[in-house]
Amino acid sequence: MSADPEREATGAGGELPPLPESAYGPDARPLDPLPARECASCGAAIVWARHYRSHKPMPFDAAPAPGGRWSIRDRVGVLVAIHLAADEAEPGGLGWVPHWTTCPHAAMHRRPR
């Protein structure tokens, strides 16, 4: 496995496949278990997925949690993170939580605006 999460999230060729108009298309499926990595600052298990609009890599806590507002789907080998609306929920009421909300060292990874 590559040490570069951005390359890891894109797949072997490094290019993102185009996403269909709906991230919930018929070929989108939940992926369980996800390939976990270790957070470089706190050591927690995390998974990387691509934001469904920006395609930027996002770290998530390695296990879904109650109240999580994100869904992670496999789109032809690329993990895609989809923000859930208030009236949407993953099966079982669990959703994915971005790791920056739970990491005690998140501030050191933020870029100045």
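The values are calculated or read from the model by the stated rules, or taken from the named source; none is laboratory data. What you are looking at is a predicted structure, and each value in this text was computed from that prediction instead of being measured. Heads up, the Cβs are rebuilt from the backbone with ideal geometry, glycines too, and the neighbour counts pull from every protein chain shown.
Points to keep in mind about this one:
- Failed item in (1) under 13 Å from the mean Cα position of the chain (by Cα); (2) touching a residue at least 24 places away in the same chain (Cβ under 8 Å); (3) in a loop (DSSP other than H, G, I, E, B), with Ser54 passing the rest: (2)
- The residue that is nearest to His99 (Cα to Cα), among those in segment 57-87 that are in contact with a strand residue (DSSP E or B) (Cβ under 7 Å, 6 or more places away or on another chain) and basic (Lys, Arg), is Arg69.
- From Asp27, Asp32, Asp74, residue being loosely packed, with under 13 Cβ neighbours inside 10 Å, within 14 Å of the chain's Cα centre (by Cα) and modelled with pLDDT under 85: Asp32
- Evaluated against (1) loosely packed, with under 11 Cβ neighbours inside 10 Å; (2) at pLDDT 85 or above; (3) under 19 Å from Cys103 (Cβ atoms), Ala3 falls short on exactly one condition, (2).
- For segment 94-113, a residue qualifies if it is in contact (Cβ under 8 Å) with a residue 40 or more places away in the chain and assigned to a loop (DSSP other than H, G, I, E, B), and the qualifying residues are Thr102, Cys103, Pro104, His105.
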